[in-house]
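The values are calculated or read from the model by the stated rules, or taken from the named source; none is laboratory data. The structure presented is a predicted model; accordingly, all values stated were derived computationally and were not measured. With ideal geometry, Cβ positions are generated from the backbone for all residues, glycine too; neighbour counts draw on all protein chains shown.
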Amino acid sequence: MIVTPAHSDSIQAGSPLRRGACPSLSAPMPTGDGLLARLLPTGTIALDAFRGLCTAARQHGNGIIEITARGSIQVRGLNAASAIRFADAVGGLGIAMADTIPVLNNPLAGLDADEILDAGAIAAALRGALARTPLPQHLAPKVSVIVDGGGAIGLGKLVADVRLQAVRTNDQVVFHVAAAGDQTTALPLGTVALDDAVEVTLHILDVIAHSGHGARARDLVAADAGEAFRAAIADFLISDASPAGAQKSGEPIGAHPLRGNMFACGLGLAFGHAGAAALDELMQLAAAGGASGVRAAPGRVILIVGLAQHVVAPLTAAAEGLGFIVRPDDQRRHVFACAGAPICASAHIPARALAPRITEIAASRLGPTFDIHISGCSKGCAHSKRAGLTLVGTSAGCALIAGGTARDIAFATTSVDELPGAVARFINGPAEESGHV
């Protein structure tokens, strides 16, 4: 579905959002540096269209583009007037975007040489079905669905209210259905046929909607261990299919084989953001290399698709020169930072500005078993899971939390100026007692 913004008088630029609400192109969210607009593309973005997005971000915003942990695109620095112009400009680019509750599918769906099925087609059918019902108006803004068709880049690490995981069993492809979590924590509900996937998902979402506007799947799972969900889809369950095991999430950064002997090149945005000028230059290089387009991917990654194999290496080298992450083991991937102050009005510390220095200090520890979350406030927007070390801005200074989230109890508090030293001491030997470092 190509989403064209509503007429300018309907754009809710700067309108106050309740807690838990999500920004969009037509309802941008107030932040410290103006308004933030979020786009959820549903397929390949043509290179010219992405360059047009970069131009619009420079002309109407602050020229910074973000890719989120869930694969959305964000533009900051808009104001009440420029948000309208930005929406109009993006609406003319022909970018396919979701306009209902988030239904996420594999970032290489339809192109991946190793996928079990094209999850994008199922996701599109579900979005269309949702648009024909009143459900989106009765669901909490953050309710989401994942349709995982397997392949090189899975969605196992993402949390969702409803999960559909495609698997092959008994010479057929079916969906394993789960609720409230990621691939390891979601509650299994059973197995359904492909043709029933959309209707089953609507039934589960209907149960959530009838539990109250702010309800989430996790609330129902906590209340009755998922019995309401199972009852709602009982007629669709296939009894002879075994539960799914954990699926590999896949590594988005690097080269990925596509159908037709083509490749995709996954590149990370350091700390989740890049200048529109650098992204525009990257698009020009991709076009020169014969790429067909670009896709946003979870994990703050951008995928250049439609490349001949011999183009991947030189494009990767050029992207590294522009500051993009090109190696899976890049230490910046293990530091999660929100925009921070003064960009975000809720932030007490300049989280994003601190990230490079904190990465340098913690380089010896950063890796798959130890990461750092720098949060401007206790909301913890950049990273909802536990981290080896979490740094949280508060009115009293910067709180340090070991092995927890931004909402957990700190073992120490320090000033921003003293934070690098405090982190260095923690890295060299965790603090033995609570207090000021």
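Observations on the model:
- Which listed residue, of 358, 374, is surrounded by 24 or more Cβ atoms within 10 Å (Cβ to Cβ) and either of a type in the set (Ser, Thr, Tyr) or not in a loop (DSSP other than H, G, I, E, B) (or both): 374
- The set of residues from segment 248-257 being surrounded by 23 or more Cβ atoms within 10 Å (Cβ to Cβ) and assigned to a strand (DSSP E or B) comprises just one member, 256.
- Given (1) part of a loop (DSSP other than H, G, I, E, B); (2) not assigned by TED's automatic domain parsing to the domain that holds residue 140, number of the condition residue 114 does not satisfy: (2)
- Residue within segment 149-158 that is under 19 Å from residue 236 (Cβ atoms) and among the aliphatic types (A, V, I, L, M) present: no
- Among the residues of segment 41-93, those identified as in a loop (DSSP other than H, G, I, E, B) and under 16 Å from residue 296 (Cβ atoms) are 42, 43, 44, 46, 68, 69, 70, 71, 72, 93.
- Test for residue 393: is it assigned to a strand (DSSP E or B) and under 24 Å from residue 34 (Cβ atoms): yes
- Filter result (of a type in the set (A, V, I, L, M) and in a helix (DSSP H, G or I)) within segment 177-199: 194, 197, 198
- Conditions (1) at pLDDT below 95; (2) small (Gly, Ala, Ser); (3) under 26 Å from residue 50 (Cα atoms): number failed by residue 244: (3)
- Output for segment 113-123, where each listed residue is more than 22 Å from residue 195 (Cβ to Cβ) and of a type in the set (Asp, Glu): 114
- Positions within segment 200-221 being in contact with a strand residue (DSSP E or B) (Cβ under 9 Å, 6 or more places away or on another chain) and part of a helix (DSSP H, G or I), in sequence order: 200, 201, 204, 205, 208, 217, 218, 219, 220, 221
- Residue match in segment 58-76 (condition: modelled with pLDDT of 95 or more, more than 20 Å from the chain's Cα centre (by Cα), among the β-branched types (Val, Ile, Thr) and closer than 28 Å to residue 278 by Cβ): no
- In the set (1) of a type in the set (Lys, Arg); (2) more than 20 Å from residue 30 (Cβ to Cβ); (3) in the same structural domain as residue 272 (by TED's automatic domain parsing), the condition left unmet by residue 132 is number (3).
- Checked against (1) under 26 Å from the mean Cα position of the chain (by Cα); (2) farther than 20 Å from residue 67 by Cα; (3) hydroxyl-bearing (Ser, Thr, Tyr), residue 395 meets all criteria but (1).
- Among the residues of this structure, residue 288 does not count as one that is at pLDDT 95 or above and under 29 Å from residue 353 (Cβ atoms).
This table checks each residue for (1) surrounded by fewer than 20 Cβ atoms within 10 Å (Cβ to Cβ); (2) free of Cβ contacts under 8 Å to residues at least 40 places away in the same chain; (3) of a type outside the set (Gly, Ala, Ser); (4) part of a loop (DSSP other than H, G, I, E, B).
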| residue | (1), (2), (3), (4) |
| --- | --- |
| 228 | yes, yes, no, no |
| 238 | yes, no, yes, yes |
| 266 | no, no, no, no |
| 279 | no, no, yes, no |
| 283 | no, no, yes, no |
| 286 | no, no, no, no |
| 306 | no, no, no, no |
| 315 | no, no, yes, no |
| 319 | no, no, no, no |
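- Residue check, residue 163 over 22 Å from residue 237 (Cα atoms), of a type in the set (D, E, K, R), out of contact with any Ser or Thr (no Cβ under 6 Å at 6 or more places or on another chain) and free of Cβ contacts under 8 Å to residues at least 24 places away in the same chain: no
- Checked against (1) modelled with pLDDT of 95 or more; (2) in a helix (DSSP H, G or I), residue 137 meets all criteria but (1).
- When segment 396-410 is filtered for residues that are in contact (Cβ under 8 Å) with a residue 24 or more places away in the chain, surrounded by fewer than 18 Cβ atoms within 10 Å (Cβ to Cβ) and part of a strand (DSSP E or B), only 402 remains.
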